[in-house]
1. If a residue must be surrounded by 10 or more Cβ atoms within 10 Å (Cβ to Cβ) and at pLDDT below 90, how many such residues does region 1-15 contain?
2. Output the qualifying pairs, or none if there are none: Cβ atoms under 9 angstrom, residues six or more apart or on different chains, first residue in region 25-48 and surrounded by 10 or more Cβ atoms within 10 Å (Cβ to Cβ), second residue part of a loop (DSSP other than H, G, I, E, B).
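The values are calculated or read from the model by the stated rules, or taken from the named source; none is laboratory data. This structure is a prediction, so every number in the text was calculated from the model and none was measured. When we count neighbours, we look across all protein chains shown, and the Cβ atoms used for this are built from the backbone with ideal geometry, even at glycine.
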């Protein structure tokens, strides 16, 4: 968001700090909750990487 201060200087700040934009639907629905823990997701990523490394040459889409 851009605005002019009392001296006529153009200023700005992020719109996510205001109520100018409608609220994000996902953030409203999740209400700050997450179904998975970060540590579990990182471990899953490592396992998937190791699994895919075993299948070198196979093109996954």
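1. Qualifying residue count, region 1-15: 3.
2. Within 9 Å, the pairs are 44/36.
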